[in-house]
Structures are given as C-alpha cells and as structure tokens.
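Worksheet: one structure, shown below.
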Amino acid sequence: MLTKRHGSSRAPRAPLSGRVLAGLTAIALTVALAAVLTVAPGTGGMVYGTTGTVLAEAKARPQDGGALKIAMPYTVGTLDPLHFMADADFHVITQIYEPLVLFNEEGNPIPRLATSWRNPDPNTWVFHLRKGARWQAGNEVFPKRTKAEVTAADVVTTLNLVLNPDNKATFYSKLARVIKSVEAVDKRTVKVVTQAPYAFLLEDLGHIPIVSKQVVERVGAGQLGRYPIGSGPFKLLESRPDNQITLSRNDDYYLKPRLARVIFQIIPDKSVAAMALESGDVDVVTQLPPLEIPRISADKRFTVMAPASGSYRYIAFNQRKAPFDDLKIREAIAMAVDIKSALKAIFPAESLAQPAWGPVPPGIPGYDPGLQKMWTYNPEKARELLAAQGWVDADKDGILEKDGRKFSFVLQAPNDANRSKLAVIVADQLKAVGLDVKVKTEEWGMHLQDLAAGQADMFVMGGGSTPDGLLYLFHSGLVSRDHNTGFRNAEVDQLLDKAKATTDAAARKKLWQEAQRLIVENRVHLPGYYEFVNAGVAKYVHDFKPANYTLLLVAPDRNVWVEKR
Amino acid sequence: MQTAVIKRLAEMGVALLSLSFAIFSVVRLVPGDPFQILFSGAAPGAGDAGFLQSLHNAAGLDRPLLVQYAGYLGQLLHGNLGVSLRSGEPVILLIGRHLAPTLELAGAALILSLGMGIFFGLALSLGRKRWWGELAGAAVSFAVALPSAGAGILLIYIFGLQLGWLPTFGWVAQGWSWPEAPRHLILPALTLSIHPGAVLARLIESNLATVLEEDYVRTAYAKGVGLVRVLTRHALKNTALPVVTFAALEFGTFAGGAVVVETVFSWPGLGRLLVDAVANRDYALIQGATLFAGAAFLAINFCADLMYLALDPRLRYE
Amino acid sequence: MMTTKSMAAELMAAKSMANSISARAMAAETVPGKPIDPGIFDRGERMGELHLFLRCRRRHWLRWIPAILILAVGLIGPAIVPQNPYTMALNHALLPVGSPGHPLGTDDYGRDLLSRLIFGARTSVWLGVMVVACAGAFGTLIGAATGYFGGLVDSVIMRLADALLAFPLAVAALFVAALLGPGTGNLILTLTLLGWVGYARLARSLVLRIKSERFVEAARAVGAGSGRILFRHILPNIAGPLASYAALHIGSVILICAELGFLGFGVQPPTPDWGLMLNEGRAYLRVAPQLAIFPTLAVTLTVMSFQGLARAWNGRNHSERC
C-alpha cells in the first residue's frame, strides 16, 4: 500500500492523460454550448417567469395596498431636493417632495403645492398654495400626528435657499439670473418677481421641490439629503441609493395613494432588469433594452409603453475648427448622411426612436414636423458641393483633399450603444463620399471635457430636450455645456431672447419655430433622432404612465394600483 | 518578536501613506471633471461655467496639489475621510453603508471556496490515475482560468435565464425577507468563489503530496495505519495552516470589494461604489474607498501573519 | 537548491501581480519539517520558498502545443480571419451561430464573431507578451540587483512593492485612464507597473539563495565585477523559475485584461478584445448568448494553455528529478 501510494507520485503518469482530459472537457463544453446556442432561439420563449401570471383583461376594481417595484438603471445620486441632478433622483424626490407645479407627459402644468397662479404683470407671479397640504409626520422634526401645513414661508425659504450662492443649489445659476425677489403675501400666497419678463419660470419652479422651513432651521440647509421630509404622497422608509429605495404611503396626503409601498430597485444592467420583470421580481422597468422590446411586447403579461416626448440626440459640427466653420461644407456633409436608414439599423422597434429634423422634440412646444423638407439625402450632390469648395480626390485614393491636405477628421461619441452606433454608421456614410472619418468613442467624463474644451471635430451628443432647450443649445450669450459648437448668430440670439420674454404661449411657439428654422438652415447640428425610452409594465399594474422626467404615481387623473396576485 | 511586529506595523503605515498619496494625485490627473459630469445629468441651463468654477473652488480643487494633499492628510489624521462630491454625504457613511453587502458576499464566497477547495483538493490528491481524479483536475484547471465576469454571465445565463431558478441582481438587506436574501446571494457568491476555490484545491493537493512523502507519514503507513487515518491524523493537520492563511488573505481582498462580480450582479458593495466613484470622478470617495480597501488588505494580512506565528510553534525556536 | 512544490503558489503569485490578490499566500508556503527563515515578516525571504512543484511527466513538450497554437493564432490571425473583424453590416446584426459565412454568427454591429475572436487572440497575446516582457525585464533586474547588493535601497524597494500589492484593481484601471486615457499602450504600462513586483520578489529571493554558492564565490575570488557576476553567473542560473513564472504571468495578464476590458477600462472599442466583447455581449444574453459565451471560452482556453506551458517549462527545469 505504502509503496504503491508513494510510487504513484513519482512514477511517470499515463502520458498526457490530464491534459487530454482537460482538452476534451473543454471541447465537449464548447460543443455543448454551441448546440444549446443554436437551439436556443427556437426554445427560448418557454420557461421564464414563475410568479407573474396572466390576468384577465377585464377592468378590475381599484385595490388598495400592495407594493410597486420599479427597476431603474441609474443610481440615485442624492435625495437632497436642492442638489439633485439626474432624472433618477427626480423620480424618487418627487414622490417625497412636491414643487409648486409639476408637468405631465404632455408638458402641461399640473397643480401640486400651488393650486393656481396668475400674472398681474409680466414680471410678477402670484401663487396660491393648496389648503390642507401638510408636512409628513413621524420623523425627527415633525413627530407623529403633527399637522404642520405647508405655508408661504416654506416656499419663500426654499426659493431663498436656491438663490443663495453659498448653498450651491443645482438651479442657482439658472434662477439667480431671473428672480428678483420672493415674498409671502399671506399664509397661502407667494409673490415671485422676475428681473425681466421670463416665460419659463413655471418650468423652472417645477424643478424646485419645496422644503419645510422648520426642517431647514432644525438640520441646516446642507443636511437635507439626510432628512428627506417632504409633503409628497410617499415617505422615505429606507434608502440604499445604488440598490433599493423603499417608500411608504403618506396617509396625510390630500389624495390618498393606493399603493402602500413603492420600491425603486436599481439594476444598472438593462437586460437583467428585463429578466427581473419576466420573473416577476419587479413590476415596472423604466428602461427596457431595445432588443428585448419585440419579445416583451408580444408577451401577454406585459405592456410596453413609450413616453409622450422624446430626447433629442444629434451630431454637431465644431465650428471653431476648419473646415466646419464653412456653411457650404456643413451643407455638403448633411447631404451625405441618411439618418432614416441609420435608425433602422440601430433601433429594433419604431417605438424607440424617430428621425429628428430639428432640435425640438415632439411633445415640446415648438416641435415642427415641417422641418423634414429642409433636409435631403443626396451623396452625389454632396460630392459636387465639396468639389465646389475645392475638395477633390486628386490622387484617387478614395479620400478628398484640398491643397495637399486630406479631408480627415474624428467623429467622437460617448460610449453608449446607440450613440456610438450612430457615429459608426454616419462615419461609414461619410466615407462613401470621400471623407476620411475616424470614430472615437469616449468615456462620458472625458467626452464632456473634450466638448467643453472645444477639442472634438464632430461629435455625437444629446440634450436640450426641454421647453427652454433651444436657449442653451444655440444662444451664444448663455455660456452653457449644451452650447458646445461655437455657433454664433445674432438673428438667432435675438429671436430666442424675444421668445424667452414672451409669456404668451402661442406667440412664443411661433418665435421658437422661427429660430429653429434658422438654426436648421445654418446646419449647426445634424439632428439624429428623438429617443423614446420604453418602459415595460406588468399588466397587473394599473394607471401607470411612463415618464421622461416626472414620474407621477399619484395625481388627480391617476392613482397607480396593483392587482393582488 | 515584538520589534518585528512594531516594525511591521510601521511598514503598513508607510504603505498606506504612499497609497493615499498615489491615489490622491492619480485621481486628479485623470481627464474628466467631477462637476461637469455631475451637471451633465441636470436640466439644461443648470450650472453654467462660472458656477462650476465656484464649486471647484469650494471643494478646494483650484489649490496646488500638495496643498490639497496636506489638507487631506490633516483631515485623515482626524479620522475624517471627507464628503462625497456627488451626494455631499460623508465618505465614511457611504463606505459603512456598502460594507454589509460586501462582507456578506465575501463571507459567503469564502465558505463556498473553502468547501470547493477542500473537496477538489482531496479529489485531486486521492484520485490520481483514476478517472474522477483526472476529471477533477480538468475542472480545476478550467476554473482557475475562467474570468470571473465570464463565470458570472454563464451562471446568469444558466440559472437566471434558462432555468429561471435564481434572481440575478441586487442585494436584499438581511432580515427584510428570509428566503429572498440568500437566493440573491447564491449566484454572486458562487461566481466569486470559483477562482479561489480552484486555487485552494491546487494548494491542498500540493501540500498533501509533500506531506504524504514525509518520513513520518510513510512510517505511519508502514505501521499499517489506514489512508483515512493518515489523512486526518497527520496530513490534513499540516495542510490546515496554508489553507487557513490563504482563506484569510482572500477574504482580505474581497473585503475591499469585488469589482467585477458586483458589477455583473448589480451588487451594492464597495467594489461598485468605487467603480461608480471613478465614473463620476468623485475624488473624495475614490480616495476613501481605496484607502479602506488597502487598509483592509494590509490588516488582514497582518492578522494572517500573527495567526501563522501563533499556530506554528517552530517559528519561536529561531 | 530548488525544492519543488506547488503550482498553486505560482498561480497565486501570477494572479497577485496585477490583481493585487495576495502574494502572501505564497509566503505562507513553507516546507513542513524544514527550518523556516527567522524573519517571519520578511516576504522577500519567504518568497524563496516558492517551490515549483511539478509531477514530472514524460513528453511535456506536448503541453507546449496549445500555447504555441494560441501564439500562432495571435501572430497570423489577421491573415487567416474569414472576414474583416471591423466591417460592420448592421442589417446582418446578431445572426445566430451557424449562419452562412458567419460560423459563430455576428455581433450587434453585424461584425463576424469568429473573426473578432481570432483578432481578439492577437490583442490578448500581444498584451500578455508585452506586459510580461516589460515587467519581467524590469522586475528581474530590480530584484536581482537589490538581492545582490542588499542594504537600504533593497528594503525601500521591497516596501514599495508591498504598497503596490495593496492597490485595488479598479484603481489600477484609473491609472490607465490617467496616463493619456485608456488604450493598449497605457494598459501595458499599468500592468507593468503593477506586475514587476512579482518578478522582483522572485528574482531577489533566488539571488539571495545562490549568491553565497561556490561558483559565485569563485567568480568573486578571481576578481569579477558585480555587473559581470550578476549578468554572467547569477541571471542565467535563475532564468528557469523566472521563465515558468512568466508563462503563468502571461495567462494572468490575459485574465486581468479581460476583466478590465469588461469593466470598460481596458482596450477600447472598436478593437476586438475578449473582455470588451464579453461586456458588449452581456446586453444580448437573451437574444444572442454566444456573444458572451464564446469570448469567455476563448479567455479560459488561452489561460489554460499558458498554464500548461508553465508546467511544461517547469518540468524541463527539474527534469533531473524525474
């Protein structure tokens, strides 16, 4: 026994048996996997969810209680109502806090803390506050059964906090330019006076959740993120910003929420989120991965919903760099790009994106479908235009040159799938007319820095999809991260300034469209697409509407509820 | 002995200090601006250039690097890791909040890898020239070479997608609901344990091979002591030390956060905290999380050495 | 005298280099029954116990084959790919395995998966070889020199090495970004910066071991200079263990690059890289799982091949024991 055992460690083993076996295992595994993969598409749809059941289509009676679990891809940065940044933050914050007004999916203001407002003169706004709006009780500041009303003093405190540069509130630089004074007229009336007539005050105030004066006095303006005490329909129960945020019903709210709990589950990986929806682990996914949309919308257990307004994505010319400072060149390049076919290749479902012809997305005042007529796809003509500017392929290498310089440049895109694909496809289309385009995808932070420094030649970007978006994308006087092209046009500036001061919606829309036309004529951007983030919602969730920005769960026209399963 | 411990502690201090300086300067060299990134998610018009500059100045980022570092060191000495540039929360609080999921994952992975390591280690040692030993060898070779991202994705594909048995995301705070928490834990812990488990198996195998060749073991054999008894009485005892040390050290690494596994499984641990902090250029948070990971690593190493010292009496004779 | 011991030690060493996972485990390796170096805390010494165990087998040259194959694919891959791995055809995106012209199907840009995997071998092998060459040369020189001369410089450098091991991987990735943005060159630099430590430790302990041997003493006695002794007498004698360590290190560099690529900190698109492909493929796990599974297998098989190479090499060094 001993000799044998001992010998075994010394004696040469059967040559290679281990290696061979390892190799064979690996090969077998590969083959098995390959077999599974080839079969998978056919059988893939069989066993998924275990808990989600198909429910009768019949309109069920609203039920009280239950929890709604919403999967979001982004970590919630902060719950501080003065310092929040991203949409994900706002989705959660607006359940806990309320601004004076909120905007619904169609872009119409809906009263929240303010029930009505009026403009006695173009510079004055008077807001009447809701009677019976109360601060959430059962916390460090308001003990249980406290009935502290939201008053004008709270609104004044909040706005003054925003306007105080020391607090470094997110909206400081935007509102400090606009608001002259804020005062409480009486317990439930607030007067805001602007420095000049300003059309977007309501929109801006829609971003300012009102905080309680008492809370501020008690914990300090810098600590609000740690004491989320608002007047909204839900209270914060537990917060783990990159995992799960749990809210519970605020029974004092003037509209009684039907949901007992709202849980935001952070799942950065969108396909994992889709999996969670199908297995019944979550009830709503705010952003479905595009490729899974056809399958999920075919599944009877779920509805796929798109918000009413989309987000603008574009390719911009850096006009600080030659030859993009030349309108003729920009026109030629625009002619060589076929956005429609690019979108077909990028998006598997039409509900996800629409070709953009101008910077204002549908659902935002000023959207102009007529702009499509101003764009033509004609690569032949593009070549002619470029030749007219002196760019010809003299050495027959497929690349245009002028004065010995080749037409080569970098098209830079952030490294998310859709935008980098857009860059890749557009680069291919431009190569076809003889431009040497290199695509560079950049990490978000570096992309932002390059744009701010004006370093990119041509770049893919997005933004400005709000009612005041044109101001920040194109007005040369407002230094903003969105104004990243070096575009300056006095006429456009004038129109935008005029629109900004026009409180009459119809007149403003006209000015907005006029400015937009000029911008399109100037080929500042190659508008790419309006992106509609599709949400997946289980059928047992009722009254839910997906949102681009404001996620409304409880409003006069809806009160989300979940059928008992 | 005492001097050695003191010397070692001093060395750890120096290592942490140099780590803190390296991180401090590196994060500031990286292109990308924390406030640009922060405001890129905000509504258009929020945060103009002048405002961003004022935020910079308020955070002290306009001062010379060494001045900033001196200030940071001063803070550190008071046990203050600073506040996150993104959320304004104290870094120590953020680390604390991510500690529970990290430790839970690390602990579960440790147990799993010990189990796997011992099982496969014995299989490798005892199964030489047998088909199951060779099979175990192939499996271990494969596991050692498997990237953890790939392993996680394969497990998600099999158990999450095809079989639908287990959730593939997120962490459930313990006590929130009983069967959910462990169900969410299984896949990430398994993924994290594959590599160390396989390495452990090899470690055990090689130790056993050496031990089994020792004279006293051969003597035991010669006296007619059975294999199982030889193993339990002599061989395993000698293998325990390196195994325990290895396990402790792996735990020390995991305690700093398992970046890849946490990313694959949306696990809110220190690793993902760090990755998010890097994407946001949240300087204070990157520094804090890195220092924490480094300190945890060094501390557990130190403990492992002490344990080693305590467990092996021969070391005292020298 | 090298005592032979475990592969595991080397595996851990290799892993620790870029991954900052404990090289300490190696330090824990001692030979039972043999006296242990007095300085329990002196890693450099105990690294000397890095026993390169191998159950010698005949014909270990056969175990070179997989690694050589991978190297060959990496070298001539571009010549043998069926399709251009960069050519996109978005109307042919996500074709399944076994599609005509695309044996493994296509990715979300319509690029041929097989061609990208083959090109990925080049990326990986190139990274592995470059990092190992740089880190190996640098680390060996530093380790051999410090081991030979000793003194203050020695302890300073070894402490620096200790600090480097406490560096988390994600922060290492930051280094990549810090040095002119992410990219292959910077990746090599980063992994070299983190990887030389292992070679330095190993070389140092080997030098400590043989510097008092008779042939070194003899060389010194006949008046050979330090440089000559180091390069002529010492380095050739410690090359064997270093080489097998290098073969393991190639494997672990490839593994690390895959993990970094997965996190988005490694090789940048559109360069075909296995880790990056894994990351991109993850989004399509349901519709096209092959996009994630094949890169995983490619990495695994490659790393296994280099581990086989390391064993084979090691076996050659110790053939006298068989």
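What to note about this one:
- Number of positions in region B:35-53 that are part of a helix (DSSP H, G or I), within 8 Å of chain A (Cβ to nearest Cβ) and within 14 Å of B:Leu85 (Cβ to Cβ): 4
- A search for C-beta distances below 9 Å between a residue of region A:214-241 that is buried (at least 19 other Cβ atoms within 10 Å of the Cβ) and any residue that is in a strand (DSSP E or B) and basic (Lys, Arg), counting only pairs 6+ apart in sequence or on different chains, returns A:Pro228/A:Lys235; A:Ile229/A:Lys235; A:Ser231/A:Arg134; A:Pro233/A:Arg249; A:Phe234/A:Arg249; A:Phe234/A:Arg261; A:Lys235/A:Arg249.
- Between B:Gly150, B:Gly137, B:Gly170, the distinction of being within 10 Å of another protein chain (Cβ to nearest Cβ), surrounded by 19 or more Cβ atoms within 10 Å (Cβ to Cβ), of a type in the set (Gly, Ala, Ser) and part of a loop (DSSP other than H, G, I, E, B) belongs to B:Gly170 only.
- Criterion (in contact with an Asp or Glu (Cβ under 9 Å, 6 or more places away or on another chain) and at pLDDT below 95) met by exactly one of A:Ala176, A:Ala152, A:Ala199: A:Ala199
- Screening B:Pro44 against (1) touching a His at 6+ places or on another chain (Cβ under 7 Å); (2) surrounded by 18 or more Cβ atoms within 10 Å (Cβ to Cβ) leaves a single unmet condition, (1).
- Of all residue pairs spaced 6 or more apart or on separate chains, those with beta-carbon atoms under 8 Å, a first member in region B:17-28 that is within 19 Å of C:Ala161 (Cβ to Cβ) and more than 9 Å from chain C (Cβ to nearest Cβ) and a second member that is surrounded by fewer than 20 Cβ atoms within 10 Å (Cβ to Cβ) and of a type outside the set (Ser, Thr, Tyr) are B:Ser20/B:Leu73; B:Ser20/B:Leu76.
- Residue in region B:227-237 that is nearest to B:Phe302 (Cα to Cα), counting only those that are open to solvent by 20 Å² or more (accessible area, probe 1.4 Å) and of a type in the set (A, V, I, L, M, F, W, C): B:Leu236
For every residue, the table says whether it meets (1) open to solvent by less than 10 Å² (accessible area, probe 1.4 Å); (2) out of contact with any Lys or Arg (no Cβ under 8 Å at 6 or more places or on another chain); (3) under 25 Å from B:Gly170 (Cα atoms); (4) more than 7 Å from every other protein chain (Cβ to nearest Cβ).
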{"site": "B:Val225", "(1), (2), (3), (4)": "no, no, no, yes"}
{"site": "B:Thr239", "(1), (2), (3), (4)": "yes, yes, no, yes"}
{"site": "B:Thr253", "(1), (2), (3), (4)": "no, yes, yes, no"}
{"site": "B:Asn280", "(1), (2), (3), (4)": "no, no, yes, yes"}
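- The set of residues in region A:456-479 being surrounded by fewer than 23 Cβ atoms within 10 Å (Cβ to Cβ), closer than 27 Å to B:Asn280 by Cα and free of Cβ contacts under 8 Å to residues at least 40 places away in the same chain consists of A:Leu478, A:Val479.
- Criterion violated by B:Glu213 - all others in (1) more than 24 Å from B:Glu250 (Cβ to Cβ); (2) open to solvent by less than 20 Å² (accessible area, probe 1.4 Å) satisfied: (2)
- Filter pass, B:Leu298 being out of contact with any strand residue (DSSP E or B) (no Cβ under 9 Å at 6 or more places or on another chain) and either in a loop (DSSP other than H, G, I, E, B) or within 7 Å of another protein chain (Cβ to nearest Cβ) (or both): yes
- For C:Asn279, the conditions (1) part of a helix (DSSP H, G or I); (2) at pLDDT below 85 all hold with the exception of (2).
Condition check ((1) open to solvent by less than 20 Å² (accessible area, probe 1.4 Å); (2) in contact with a His (Cβ under 9 Å, 6 or more places away or on another chain); (3) over 26 Å from A:Thr503 (Cα atoms)) across all residues:
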site: A:Gly107; (1), (2), (3): no, no, no
site: A:Pro111; (1), (2), (3): no, no, no
site: A:Ser116; (1), (2), (3): no, yes, no
site: A:Pro120; (1), (2), (3): no, no, no
site: A:Arg130; (1), (2), (3): no, no, no
site: A:Gln136; (1), (2), (3): yes, no, yes
site: A:Lys147; (1), (2), (3): no, no, yes
site: A:Val155; (1), (2), (3): yes, no, no
site: A:Asn160; (1), (2), (3): no, no, no
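- Selected residue (only one of A:Thr94, A:Thr75, A:Thr30 is open to solvent by 30 Å² or more (accessible area, probe 1.4 Å), at pLDDT 50 or above and touching a Pro at 6+ places or on another chain (Cβ under 8 Å)): A:Thr75
The rows are residues; the columns are (1) farther than 16 Å from C:Thr123 by Cα; (2) at pLDDT below 90; (3) facing chain B (nearest Cβ under 8 Å).
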position: C:Leu285; (1), (2), (3): yes, yes, yes
position: C:Leu291; (1), (2), (3): yes, no, no
position: C:Pro295; (1), (2), (3): no, no, yes
position: C:Val303; (1), (2), (3): no, no, yes
position: C:Ala312; (1), (2), (3): yes, yes, no
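- With respect to the conditions (1) in contact with a helix residue (DSSP H, G or I) (Cβ under 7 Å, 6 or more places away or on another chain); (2) within 11 Å of another protein chain (Cβ to nearest Cβ), B:Ala109 falls short on a single one, namely (2).
- Elements of type strands (runs of 3 or more DSSP E) in region A:77-165, at least 1 residues being β-branched (Val, Ile, Thr) and either closer than 30 Å to B:Arg281 by Cα or touching a residue at least 24 places away in the same chain (Cβ under 8 Å) (or both): A:101-103, A:109-111, A:124-129
- Among the candidates A:Val285, A:Val211, A:Val216, residue that is within 14 Å of chain B (Cβ to nearest Cβ) and β-branched (Val, Ile, Thr): A:Val285
- Matching residues, region B:173-213, being among the aliphatic types (A, V, I, L, M), outside any loop (DSSP other than H, G, I, E, B) and facing another protein chain (nearest Cβ under 9 Å): B:Ala198, B:Val199, B:Leu200, B:Ala201, B:Leu203, B:Ile204, B:Ala209, B:Val211, B:Leu212
- Qualifying residue in region C:244-253 (condition: assigned to a helix (DSSP H, G or I), closer than 24 Å to A:Pro414 by Cα and modelled with pLDDT of 80 or more): no
- Residue match in region A:166-184 (condition: farther than 22 Å from A:Pro467 by Cα, without any contact (Cβ under 8 Å) to a residue 40 or more places away in the chain and either under 26 Å from the mean Cα position of the chain (by Cα) or part of a helix (DSSP H, G or I) (or both)): yes
- Any hit, region B:69-80, residues being farther than 30 Å from A:Tyr227 by Cβ and among the polar types (S, T, N, Q): no
- The set of residues in region B:55-67 being in a helix (DSSP H, G or I) and either open to solvent by less than 40 Å² (accessible area, probe 1.4 Å) or more than 10 Å from every other protein chain (Cβ to nearest Cβ) (or both) consists of B:Leu55, B:His56, B:Asn57, B:Leu65, B:Leu66, B:Val67.
- Residue within region B:127-134 that is within 13 Å of chain C (Cβ to nearest Cβ), outside any helix (DSSP H, G or I) and out of contact with any helix residue (DSSP H, G or I) (no Cβ under 6 Å at 6 or more places or on another chain) present: yes
- Meets criteria (within 7 Å of chain C (Cβ to nearest Cβ) and open to solvent by 30 Å² or more (accessible area, probe 1.4 Å)) for B:Phe159: no
The values are calculated or read from the model by the stated rules, or taken from the named source; none is laboratory data. If you're wondering where the values come from, they're calculated on a predicted model, not measured in any experiment. Neighbour counts are summed over all protein chains in view; Cβ atoms, including those assigned to glycine, are modelled from backbone coordinates with ideal geometry. Accessible surface areas use protein heavy atoms only, side chains included; no ligands, DNA or RNA. Shrake-Rupley method; radii C 1.70, N 1.55, O 1.52, S 1.80 Å.
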